[in-house]
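The values are calculated or read from the model by the stated rules, or taken from the named source; none is laboratory data. Since the structure is predicted, the reported quantities are computational estimates derived from the model, not experimental observations. Glycine gets a Cβ as well: all are built from the backbone with ideal geometry, and neighbour counts include every protein chain shown. Each accessible area value is taken on the protein alone, full model and side chains, heavy atoms only, with ligands, DNA and RNA left out. Shrake-Rupley method; radii C 1.70, N 1.55, O 1.52, S 1.80 Å.
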Amino acid sequence: MFAILEARLLAPDVKLFRIEAPRVARKRQAGQFVILRVHERGERIPITIADSDPGRGSITIVVQGIGKTTRLLNSLEQGDSILDVVGPLGRPSEVERFGTACVIGGGVGAAIAYPTAVALKQAGNRVISILGGRTRALVVLEDEIRATSDALFVTTDDGSYGEKGLVTDTLAALLANGEPIDYVLAIGPIPMMRAVAETTRPRAIRTVVSLNSIMVDGTGMCGGCRVSVAGKSLFACVDGPEFDAHQVDFQNLANRNAMYREMERRALESFVADPEADLALVPGHSCHLLAQADAAAPPGAAASPDGVEA
């Protein structure tokens, strides 16, 4: 089991976890990920390693609660444990001295892009970062990315923070103004990554994306994370997760990611209807809400088994 050392919200439904995983922390490189299983009946989900502390033996991940398992994971708190953490998996980011590197993170993609931005800066690059979100609340890790960037631009779809618009608007403006960008890393929703690829394609700027395909085993055996790159079938878990954006078939990726949407919907509805059925399976988990209710009860008051004062 892997203890949760820290758990805190970064934005609505977006949570940062620091997890005790010393062997992963020692080996992890920028761009790699882990596969988690919350409990013995749970599914396996890939999560990029946002940061690590080899000295303390911990890794940091950022999770957006969208489906059943990410919602379940975000229900956990400091002191809980995760049953399995396997990694580091995948090929590390290719980090070299490109010149000027532009790192683009859409929503939680910022957490995936952050470690590579740090590595690119350490390699001697000038780093320009662009962060985007639907609203201000969904712009995450701004301070951390600002600290490793020579310039930072923030956009929001609704204009509630930074510039109103899309990350590609800022990228296109930088290129139109003659910014000498030599390398682009874009991580976020599929439409955003595809739009970045089309923005840089006419100028033949080297552009890399980290693909969020469905994964199961993380070793290339199941074939679940198959992606089409330059007309060839590759596996995101062992050949990626980062690929040349100008050669990725984004429509194929979107179609494959939608294959299990109905099953994902039913699983989420079941979890929302009865979250305790899954939480009861989490190793060592105790309901924090019930504990808080018991602590708040007047001295000598009896509590019922479900935490309600009798």
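A few points about this structure:
- A probe of 1.4 angstrom, applied to the heavy atoms of all protein chains, finds residue 98 with accessible area near 40 square angstrom.
- Label sites at residue 230 and residue 273, each approximated as a point 7 angstrom past Cα along Cα to Cβ, lie 4.9 nm apart.
- Think of the chain as having a plus end and a minus end, set by charges on the Cβ of Lys, Arg, Asp and Glu; of 255, 36, 205, 205 sits farthest toward the positive end of this dipole.
- For the stretch 13-53, the relative contact order works out to 36 percent when only alpha carbon pairs closer than 8 Å and six or more residues apart are counted.
- Distance histogram in 5 Å bins (all Cα pairs of the stretch 1-133, percent per bin): 2, 11, 19, 23, 20, 13, 7, 3, 1, 0
- Simple spin-label estimate for residue 77 and residue 97 in nanometres, 7 Å along Cα-Cβ: 5.0 nm
- What the Cβ-Cβ distance of residue 163 and residue 206 gives, at R0 = 22 Å and to the nearest 0.05, is a FRET efficiency of 0.30.
- Each residue, residue 259 and residue 244, gets one label point 7 Å from its Cα in the Cβ direction; the gap between the two is 2.5 nm.
- Bridges between two residues of the stretch 178-246, per DSSP, are antiparallel at a rate of about 65%.
- Averaged per residue, the chain has 48 square angstrom of accessible surface, using a 1.4 angstrom probe with ligands and nucleic acids left out.
- Size estimate for the chain follows the Kirkwood approach: the inverse of mean 1/r over distinct Cα pairs works out to 20.5 Å.
- Model label zone, residue 135; criterion: amide N under 16 Å from point 7 Å along Cα-to-beta-carbon; scope the stretch 168-212: none
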